[in-house]
Amino acid sequence: MDTRDDIDTQRVELGARGYDILIGEDLLAAAGTYIRPLVAQPRVAVVTDTNVAQRWLPALEKALGQANIVHDTIVLPAGEHTKDLAHLEDLTNRLLDARIERATALIALGGGVVGDITGFAAAILLRGLDFVHIPTTLLAQVDSSVGGKTGINTRHGKNLIGAFHQPRLVLADVGTLETLDQRHFLAGYAETVKYGLLGDPQFFAWLETKGADLCAGDRQARRHAVRASCAAKAAIVADDERESGRRQLLNLGHTFGHALEAQTGFSDALLHGEAVAIGMVLAFDLSVRLGLCPPGDARRARRHLAERGLPVSLTGLAGPDWTADGLFSHMLHDKKARGGRPTLVLARGIGQAFTTSEVEAESVRTVLDDALKG
Ligand code: GLY
C-alpha cells in the first residue's frame, strides 16, 4: 500500500475483508493520508482513552484535518474496567448522538481495551461500520489489533461478548511505544516472545540476542519485532480466521495465564502479558513432564523471559488461599475448555507448539502444585 521505504506493509489475506498492517515511524502524523482512501465518507469518529488522548490525540486530529477528514472524538476512561456492557452502551449511544451513519468509520486510538470495545461497537452499530486500529501499546501492535477479535468482558469472564470483525487498516506507529511504561511494554513483550516459542525458533533466537536492546528502546529492533509478530499472526489468521484450528496456537500460555488472572481478580496485580509469561513457562514445564519437550528448551524459554524482567513463577504472587485445585478449576472455566478438560497449547520444543485436550487433569494439577511450592 505505501511506498515509503521506512514503512513495512503486512497484508492480512482475507479476500474481500483483507487489509494492510502498516508498521513504521511517524505513521500517526500521516494517518489521514492512509485512512482517506479507505473510508466511504470524509468523516470518522475517533475513540480513545484518557491516557492516550493526552499524548497522541492531538497528532491524530491534526493528521485527519490535513486530509480534510472531519471527526468526532469520544474519550473513554482508561483501564480494563471500561471493557464492559455499561461502557459499550454509553459508547454506542454517544456515537448515535453524534449521528454517525453507515459510511462513518470508527478509529480506535489506544491499546487493547480501546481496540476491543471500539471494534465491537463497529461490529454492531448500524449492523456494521468500518474501523481502523491505531494501536499505541506493544501488546496491541503485536496481537490484539490484528485478526478481528473484538469484544467486552462480563461478570462471567473476559471477552465473552464479542464478534469477529476485521479492521480496514492497522497503523502500528512504533514511535508511540516511547511513552509506554516499562511494565506495560514488557507485558506486550511476552506476547512477542510467544510467536517465537509457538512457531519460529529463529525469531526466538533473534529475541535472545536483541531483546535487551529492544526493551531498552532500540527502534529498529522494535520495528523488526512488531513486523515479525504481525507477519506470524497475519499468516495464522489468514489460515484460520475463526479459531477452529491453527489460530488456537496463539493461546500458548493463555489457559494457565487465564487461571492466574482469574485468581488475581483480573486486577493490576497481574497484567495479561505477565500472566501469559508465567503461563508459557508452565506450558513448557507440563510439556517436559509429559516427556514431549527437551528440558533444555523449557529452561531457555524461562531464562529469556526472566532476563527481560517478566515474571516466570508464582513467587510473590500466590497468596495462602491459592491451591492447585482452585487454579485448575479456573482453567476449566476458560472458554476453550472441552468436556471437563482444558484445551492446552503445549510444545515439543521451541517453535513447535501444538494444541491438545487430552492431557489428564492430574498432570496439570501436579505442575500447578509444583509451581505453588516454588
Ligand atoms: N489473541 C489471540 C488471537 O487473536 O487469536
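Numerical summary
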| read-out | value |
| --- | --- |
| Segment 5-44 residues near the modelled ALA235 label - backbone nitrogen below 15 Å, point 7 Å along Cα→Cβ | 10-13 |
| Other-chain or far-sequence residues with amide H under 5 Å of ASP200's (modelled H) | GLY351 |
| Whole-Hz ³J(HN,Hα) from phi, Karplus 6.51 cos²θ - 1.76 cosθ + 1.60, for segment 259-269, glycine and proline x | 4, 5, 5, 5, 5, 9, x, 6, 9, 5, 4 |
| Rounded, prolate or oblate (a/c below 1.5 giving rounded, otherwise prolate when a/b exceeds b/c) for segment 243-298 by Cα gyration tensor | oblate |
| Per residue convex hull volume, Cα atoms of segment 97-141, in Å³ | 62 Å³ |
| Rounded, prolate or oblate (a/c below 1.5 giving rounded, otherwise prolate when a/b exceeds b/c) for segment 46-96 by Cα gyration tensor | oblate |
| Shape of segment 83-169, Cα gyration tensor, a/c cut at 1.5 | oblate |
| Cβ crowding within 10 Å averaged over residues, with 79-86, 168-175 ranked highest first | 168-175, 79-86 |
| Cα-derived Rg over Rh, computed across the chain with Rh taken as Kirkwood radius | 0.97 |
| From phi via Karplus (6.51, -1.76, 1.60), per-residue ³J(HN,Hα) for segment 30-41 in Hz, x at Gly/Pro | 10, 4, x, 4, 7, 7, 3, x, 9, 9, 6, 9 |
| Mean Cβ count within 10 Å, highest first, over the residues of peptides 256-264, 69-77 | 256-264, 69-77 |
| Volume per residue of the C-alpha convex hull in segment 219-374, rounded to whole Å³ | 122 Å³ |
| GLN182/ALA16 FRET efficiency (R0 25 Å; Cβ-Cβ; nearest 0.05) | 0.05 |
| Under the Karplus curve 6.51 cos²θ - 1.76 cosθ + 1.60, θ = phi - 60°, whole-Hz ³J(HN,Hα) for segment 198-211, x wherever Gly or Pro sits | 7, x, 9, x, 5, 5, 4, 5, 4, 5, 4, 7, 9, x |
| Potential extension, ASP97-ASN68 segment - 0.36 nm per residue separation minus Cα distance | 8.2 nm |
| Point-to-point label distance, ILE124-THR356, nm (Cα→Cβ direction, 7 Å offset) | 3.9 nm |
| Trypsin sites (Lys or Arg not before Pro) within segment 232-304: DSSP coil, no more than 15 neighbouring Cβ in 10 Å | ARG242 |
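No value in this document is a laboratory result; all are computed from the given coordinates. This is a predicted model, so every value here is computed, not measured. Counting neighbours? That spans all protein chains shown, and the Cβs are built from the backbone with ideal geometry, glycine included.
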